[in-house]
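The values are calculated or read from the model by the stated rules, or taken from the named source; none is laboratory data. Note that the structure is a prediction, hence the values are computed from the model and not measured. Because the Cβ atoms are built from the backbone with ideal geometry, glycine has one as well, and the counts that use them run over all protein chains shown.
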Amino acid sequence: MPDEKFTDACAFTIPLGKHKGRTISRVGASAEGLRDLDWLVGQTWVYGEFRAALETYLTHPAIKRELEAAIED
C-alpha cells in the first residue's frame, strides 16, 4: 500500500548526522530540513532502509511540491 509506505517513511528515525534521532517528517517540516533530506538522498553512502525511506518521503507529490518551493527560496 503506497500510503502505508509513506507513513512508515515519515516515522523513520534518522540514524546519523545533525538530525540523528529525529523522524524524517519532523526534519521535513521545515524548508531547511527538506533541503537537508534532499542532500542526503543524493549521497552515495546513504543506503538500505534509510535511502528507501528518504526516497519514499521525497517522491510523495505533496512533499515534492514543498521541496520545489524550498529549493526556490
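Within the stretch 3-14, the presence of a residue that is touching a helix residue (DSSP H, G or I) at 6+ places or on another chain (Cβ under 6 Å) and among the hydroxyl-bearing types (Ser, Thr, Tyr) is excluded. Does the stretch 32-45 contain at least one residue that is touching a Phe, Trp or Tyr at 6+ places or on another chain (Cβ under 7 Å) and exposed (fewer than 13 other Cβ atoms within 10 Å of the Cβ)? Within the stretch 32-45 (the criterion being touching a Phe, Trp or Tyr at 6+ places or on another chain (Cβ under 7 Å) and exposed (fewer than 13 other Cβ atoms within 10 Å of the Cβ)), the answer is no, since none of the residues qualifies. When GLY17, GLY21 are checked against the criterion of being in contact with a helix residue (DSSP H, G or I) (Cβ under 9 Å, 6 or more places away or on another chain) and on the phi > 0 side of the Ramachandran plot, a single residue qualifies: GLY17. Taken over the stretch 14-29, the residue count meeting the criterion of being in contact (Cβ under 8 Å) with a residue 12 or more places away in the chain, loosely packed, with under 15 Cβ neighbours inside 10 Å and closer than 14 Å to VAL41 by Cα is 2.
Listed by position, the helices (runs of 4 or more DSSP H) enclosed by the stretch 13-73 that each have at least 1 residues that are touching a Lys or Arg at 6+ places or on another chain (Cβ under 8 Å) and either of a type in the set (Phe, Trp, Tyr) or at pLDDT 95 or above (or both) are 31-41, 48-58.
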